[in-house]
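Following: one structure in structure tokens, then a few remarks.
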Amino acid sequence: MPGRIEDYALIGDLQTAALVGRDGSVDWLCLPRFDSAACFAALLGDEGNGRWRIAPLDGTSDECSERSYRGDTLVLDTVWHTPDGTVKVTDFMPQRDHAPDLVRIVEGVSGEVAVRSELTLRFDYGSVVPWVRRTNHQRVAVAGPDAVWLRTEPPLPMYGKDMRTYADVTVAAGDKVAFVLTWHSSHSGKPRRTDPFEALDQSVEDWEQWSAKCCYEGPWRDAVLRSMITLKALTYAPSGGIAAAATTSLPEEIGGVRNWDYRYCWLRDAALTLNALVSGGFLTEAQAWRDWLLRAVAGDPADLQIMYGIAGERRLTEYEIPWLKGYAGSAPVRVGNAAAGQLQLDVYGEVLDSLFLARNSGLRDEPHAWNLQRALMEFLEGKWREPDEGLWEVRGPRRHFVHSKVMAWVAADRAVRTLEAHPTLRGDADRWRSMRMQVHAEVCEKGYDAERNTFTQSYGSAELDAATLLIPQVGFLPASDRRVAGTVEAVRRELDHQGFVRRYSPGAGNVDGLPGGEGAFLACSFWLADALHATGRTDEATALFERLLSVRNDVGLLAEEWDPVAGRQLGNYPQAFSHVGLVNTALALTGLDGRTP
């Protein structure tokens, strides 16, 4: 049975990631990429769907005694204090220069502790049992396109039982035994050997050098830097794309059907992520993310998608995996994401806002970028009046979502301001000013409830939407406007979930076309803190921010949502959008936010 979502820690090599539980079990790992099929899928099923556990053999220590990342790195140390002594397991994935490796080093700290490694490999999301053979003190598991090598250093006897591979070792103080699992394509040659102990030293050095670039020195530096490390860990290094999460199908409601695949890159995350990276001092990553964005959206503006694969792929066909019962019985388990084919007009605004921010932040300009932005604007001019599915990817009827219209205004505003700042660029500023004025007038007329003094979720609706909290952040209205204050208060009151914020009311008007409910959406709660701060209620904003920090797990990670009733995290994990929200709110409260709408 998988642990709670927050029981897991993240390790990765900037191309994929693994989740390690408090019981010493790696229950999720996709190889060779974030969006590849999992070879450990116990997270969404049971141990028979693949996992790798290393833990004391005494049976009294189902969970570790303590764990932490080693300094400002993604190297995880897990410690067990047993009646026989203390043992530590260090887990990490070296940044890749050939095949991907998962390294687990067992180290005796005191006494003598018997430890067991139990490896259950199941390719293709837990459905394929590989053929395992011995060769030179190693095990090689092969099935179809996948091959995995397991070796230990120094060599240990390994044995098979019940389609699993075991190794037992007793370590005294100072003893170290390394397990190295290496994946490669089954048709290619034997992978190059990695020295696990050299790789550990190099991984610590790599992460510490990277983390030293963080320029945030405010009161929440540890939380901000851990979030930045998490964003870096979700980055697909070959392309610069940042996956929304490392997982698929972790539920927004235990036992519910709101289970989606988040191992892709969302355009709407772009501007907020860029702000976090630039303001945090990580300009190389910001540049790579901007470049990924330009490549992904290149083409006919009518074909713009809300999300793409981590290398910019467009085809993200959604299907269900029937042999996995789902996390805590939350079925179905989905691979791919059909929302990639939705019309969500807000993404045009997010793309133009991102590129505007990139230009103002001094990132290297690309000569073709403005031509692309101009094409996007020309398409949006003829499209912004249409209904769409909105930023929450609802699977109900299309509506005139207020946030989508606000972001259409943002697109026109950023295009006009770019021309004003760079008069040598080509474009029709007068026409875009006219569009900006028309969108603004329509939203204020049709998307605003004067009786309640709040913007609503869609034209003519009574429902609210936490996305309207972004209105002052993107510059649609100043924070001093009474309509902004009214919206903040209404969202805080009507979308409250025991001190946190829902995205919207799931049952209201059947807007999302799905049964059941969900937890509080953490990014929205960070938006409320931002809006409270912007409207002069900084003490309340800080108190909310501190409450949000308190729901991180013991190693500083956040999922997509929080269930304040059950006191547990929900949704895909770790969630980039949640960590971006944490960073940007910390920057805003410290007066270091780089955005200037």
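Here, each number is a calculation from the coordinates, and none is a lab measurement. Predicted model, so just to flag it, every value in this text is computed and none were measured. Glycine also receives a Cβ, built like all others from the backbone with ideal geometry; neighbour counts cover every protein chain displayed.
Applying a DSSP loop filter and a limit of 15 other Cβ atoms within 10 Å to the trypsin sites (Lys or Arg not before Pro) in region 161-209 leaves R192, R193. Note on T317 and V565: their simple-model spin labels are 3.9 nm apart, each label 7 Å out from Cα toward Cβ. Annotation for region 382-455 versus region 96-140: alpha-carbon center distance of 53 Å. Of the trypsin sites (Lys or Arg not before Pro) found in region 211-316, those that fall in a DSSP loop while having at most 15 other beta-carbon atoms within 10 Å are K213, R314, R315.
Computed from backbone phi, the HN-Hα couplings of region 93-103 come to 10, x, 4, 7, 10, 8, 7, x, 10, 10, 10 Hz, rounded to whole numbers (Karplus: 6.51 cos²θ - 1.76 cosθ + 1.60, θ = phi - 60°; Gly and Pro given as x).
Projected label points at T590 and A212, each 7 Å from Cα along the beta carbon direction, are separated by 1.9 nanometres. Its Cα centre serving as origin, region 213-589 has a Cβ charge dipole (Lys and Arg +1, Asp and Glu -1) of approximately 440 debye. Across the options G329, P367, N572, the greatest Cα extent toward the positive end of the charge dipole of the chain (unit charges at beta carbon of Lys, Arg, Asp, Glu) belongs to P367. Seen against the Cα atoms of the chain and their longest principal axis, helix 346-360 is set at about 80 degrees. Between the C-alpha center of region 196-249 and that of region 145-173 there is a gap of 29 Å.
Size descriptors for the chain: radius of gyration and Dmax over Cα atoms are 24.6, 78 Å. Here region 80-108 is scanned for amide nitrogen atoms under 11 Å from the site 7 Å beyond the Cα of E66 along Cα-to-Cβ, giving 80-81. The gain in end-to-end length when the E494 to R452 segment is fully stretched comes to 14.0 nm, 0.36 nm per residue minus the alpha carbon separation. Can you list the aspartates and glutamates whose alpha carbon is less than 14 Å from that of K88, not counting same-chain residues fewer than 8 positions off? K88 reaches D23, E63, E66, D77, E107, E112, D175.
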